[in-house]
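A short write-up of the structure that comes next.
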Amino acid sequence: MAGFLSRNSSVVAIRAFLLVILSFLAVQASAQDAMLRGFIRDADNGEPMQGVNVVLTDDSGAFLGASSDFQGLFVIASIPPGTYFLRATFIGFRAILDTLRFSADEIQSFNIEMFFETTDLDEVVVETDREGAGVAAVVAGLQIIRPQDIDAIPSLDVAGDLATYLQTLPGVVTSGDQGGQFFVRGGEPTQNLVLIDGALIYQPFHLIGFYSAFPSTIINVTDFHAGGYGAKYGGRLSSVLSVNTRNGNKRRVSGEIDIGPFISGGRIEGPLIANRVSILLSGRVSVIEHGAKQYLDEPLPYKFSDLFGKIHADLTPNSQLSFTGLSTYDRGTIDPVAADDSLDITADQIIWRNKVFTGKYMLLPTTLPIQAEIIFSTSEVENTFGSEDDPSRTSSAKRFGFAANITHFGPSFDINWGLFLNSMTLKTDLNDASLEFSDEQENVTEVGIYMETELTVARRLRIRPGVRVVSYPSNSTNYLEPRLRLIYDLGFHQFNIAAGIYHQEVIGLTDRRDAGDVFTAWTVAERGSVPEAVHLILGYQIQAGNSLNFSTEVFYKKLSNLSIARWSAFPQFTTDFQPADGEVRGFDFRIEFSKGIFYGFANYGYTIVEYEARQDGLDLWFGSPTLIFSPPHDRRNQVNALFSLSKNGFRFSTRWQYGSGTPFSESFGFDEFILVDGPIDVRDEPGETRVLYGRPYEGRLPDYHRLDMTLDKMFVLKGRKKLTVQLGVTNVYDRDNLFYVDLFTLRTLNQLPRIPSISAKLEF
């Protein structure tokens, strides 16, 4: 790929990019058709409404239509001049009817507020080519997640969390109940791009694996790309999790209070300026020491919290401004020896902190058929390991980001394009390692442009080509990243393909010696050798009415130029690199059923991950200059099944989860190594401790499986208040699931045992 992804290729791509945009604008300038656009909101709280069908019908009965996206935005282009009847419908809301007249080249704005009503409405089905409309489904690696999807999953608390839902997806492997790590289709945690309102968050999950920085009550909609994502996203090799948050109630003050055995918190929102500006605040803090620990005979040395805030303003009918802030804190002891209260040992702690801030401005120019979005963001993470006062390892990353995203609405297709600039500062200090460097600061810049569009062929075939041109000036490298999504929709059957090339300069290293280590050191790939991934996804889906859905995908990833921690027999963490390549291949399928009071799904995922590492001295250890192994996140088989029943205000849910054992390196003993480079007196020189490992990652941890059950009851109180009470049991049959193995003492730490719980949520 080196010749293809050269500096000259990047220049050619930029010129081609500008030529396409100019050509498109020239076509726009000569167009005669009109355009209708606007925002649709819930009249009760001012929140945007997604999936509202908007139809224009003329006297002949011909119609044009569109559906609103997560911002509530709908756009109908290519409207011949004339008079039309408008109808906007959404199940459970009063239909909006109006008459509109369009002139040639007119761009007309029409904002809509919809009122809730209990009578049934006739649904108008609209075929739309705009991505983001319609029901949630797995299409070419993309899963759209809404708050109601999250709340359907049994969890330790009545308040839902995005982490609980992600664990039910077949391509997602987690470190379990503890650890706060998730792996997507063979990728590593630091290869996932996680965004909140367009801003990067480095470590979005808490140490207790049921929780993330994203409670369901702050989420509008989440796009989860398990692979094959489009040209808008880059800088990561594995997946994209893009969380778009709610704007807050612009009509009245509302909120909730949550009390549970692991975490408690609350949310409050309301207008700062009625109908114009809203604020939403959410905060949670762990209460393990007063809640869940009462049920256990072992310590739970964890503390975590998160705080979220957002201000959203409608500046004009065609422009919006928002500011989002997020802060998280995690502290815990993942050490089975130090966690034992009977031993007088100072505990080593893992601590991480996230701080994120983003400002977003969105504009619909009155005279141009475009949508413009400008995003400024800052992101910061700090990791420490060791004693709280004097940690032995620290690592931090700071990032400033700027992005401009433009959508040109065309007569027959749209063009999405944009530019981005990211500047990062990375610091690592490893006091317990004998390295070429142990205290280093690195400055990294990433800049580029992207473009993608969607073309419809014969109303059944949708093709979404894209290209991303990215430059890493600090690494003196430039890359051209083509992307493609293809959807062939036959109604009952749907076929899809996704493919693309991806690069990641900033990488995270973890200690591969212990099973369960979660400390991450952020650093930069070796100069001239940026890690690369090639994705290919083939998918098939059957939609049997509104009750039954079946989907399956086959996926392949080719990984090149990976930088992984150098293999060493010494018990110390290192950021010394060894190069590696890899392959990921597998498949998964999901069947989902929803009918009346019943809901359920079952999915299965099969994945094989193999790395081939190269390092000086490997032939002395293993008889070969290369080492082929499966990394610690190679979970071959994974099953999730859920069933729920809702009736008379009660909801019973049960969920079973299974994962086959993941690899780890077995140790068989220790010795003391003395480098004889001169006269040595062994009475004064004790040597340096080495671990006698077996062949790397040939051991497998035990299988993981767990059954959870919950029973919810909602009570409607006076004054628009609702109280939900949940009784639950986690790990019903008390399975001993292994979490952490200390290879020096061979002591182990298990996941959470059976925990009965009661939690409550009051909404007002």
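The values are calculated or read from the model by the stated rules, or taken from the named source; none is laboratory data. From a predicted model like this one, the values you see are computed outputs, not experimental measurements. Cβ coordinates were reconstructed from backbone atoms using ideal geometry, including for glycine residues, and neighbour counts include every protein chain displayed. SASA here: full protein model, heavy atoms, side chains in, ligands and nucleic acids out. Shrake-Rupley method; radii C 1.70, N 1.55, O 1.52, S 1.80 Å.
THR57: accessible area at probe 1.4 Å, nearest 10 Å²?
THR57 has an accessible surface of roughly 40 Å² with all protein chains in place.
Each residue of region 210-220 in turn: what ³J(HN,Hα) in whole Hz from Karplus with 6.51, -1.76, 1.60 and θ = phi - 60°, glycine and Pro shown as x?
Result, rounded to whole Hz: 7, 10, 10, 7, 10, x, 5, 6, 9, 9, 8.
Can you give the local net charge around ASP734? Use residues other than it whose beta-carbon is closer than 11 angstrom to its beta-carbon, Lys and Arg +1, Asp and Glu -1.
Values: positive: ARG706, ARG735, ARG754; negative: ASP736.
Around ASP734, the charge tally is +2.
How much net charge surrounds ASN475 when only other residues with a Cβ under 10 Å from its Cβ are counted (Lys, Arg +1; Asp, Glu -1)? List each step's numbers first, then the result.
Values: positive: ARG527; negative: GLU446, GLU505, GLU526.
Spelling it out: positives minus negatives among the neighbours equals -2.
Expressed as a whole number of Å, what is the distance separating the alpha-carbon centroids of region 575-596 and region 179-219?
Comparing the Cα centres of region 179-219 and region 575-596, I get a distance of 16 Å.
Using the scaling law 2.2 N^0.38 Å as the reference, what is the normalised Cα Rg of region 437-494? Walk me through the numbers on the way to the answer.
Details: Rg = 19.0 Å, N = 58, 2.2 N^0.38 = 10.3 Å.
For region 437-494, the normalised Cα radius of gyration comes out at 1.85.
Can you give the Rg to Rh ratio for region 145-200, taking only C-alpha atoms and Rh from Kirkwood? It would help to have the intermediate numbers written out before the result.
Working: Rg = 12.0 Å, Rh = 12.4 Å.
Here Rg/Rh amounts to 0.97.
Which distance in nm do the two modelled labels at LYS721 and LEU100 give, with both placed 7 Å along the Cα-to-Cβ direction?
Result for the modelled spin labels: 4.3 nm.
Run the simple label-point estimate for SER547 and LEU455 please: 7 Å along Cα→C-beta, distance reported in nm.
4.1
Which order do you get for VAL518, VAL253 if you rank them by accessible area with a 1.4 Å probe, largest at the top?
On the way: VAL518 5, VAL253 95 Å².
Solvent-accessible surface, decreasing: VAL253, VAL518.
Sort 377-383, 420-426 by the packing proxy (mean of other Cβ within 10 Å over each peptide's residues), most packed first.
Values: 377-383: 20.9, 420-426: 18.3.
Answer by packing, highest mean first, reads 377-383, 420-426.
Where does each of TRP352, TRP417, TRP656, TRP567 land when they are ordered by accessible area, with a 1.4 Å probe and the largest first? Walk me through the numbers on the way to the answer.
Details: TRP352 0, TRP417 55, TRP656 90, TRP567 30 Å².
Solvent-accessible surface, decreasing: TRP656, TRP417, TRP567, TRP352.
If you count only protein heavy atoms and use a 1.4 Å probe, how large is the accessible surface of GLU289, to the nearest 10 Å²?
80
What's the ranking of 388-395, 466-473, 701-708 by average number of surrounding C-beta atoms within 10 Å, highest first? Provide the component values of the computation, followed by the final result.
On the way: 388-395: 15.8, 466-473: 21.2, 701-708: 18.4.
Per-residue Cβ counts within 10 Å, averaged per peptide and sorted highest first, yield 466-473, 701-708, 388-395.
Take ASP736 and ASN750, extend 7 Å from each Cα along the Cα→Cβ direction, and tell me the distance between the two endpoints in nm.
0.6
May I ask you to derive the FRET efficiency for ARG276 and PHE115 from their Cβ-Cβ distance with R0 = 22 Å, giving the value to the nearest 0.05?
Numbers: r = 19 Å, r/R0 = 0.89.
Here the calculated transfer efficiency is 0.65.
Hey, which of these cross-link pairs are over 31 Å Cα-Cα: LYS250/LYS427; LYS398/LYS721; LYS595/LYS761; LYS310/LYS647? Walk me through the numbers before you get to the answer.
Values: LYS250/LYS427 42 Å; LYS398/LYS721 42 Å; LYS595/LYS761 27 Å; LYS310/LYS647 35 Å.
Table pairs above 31 Å Cα-Cα are LYS250/LYS427; LYS398/LYS721; LYS310/LYS647.
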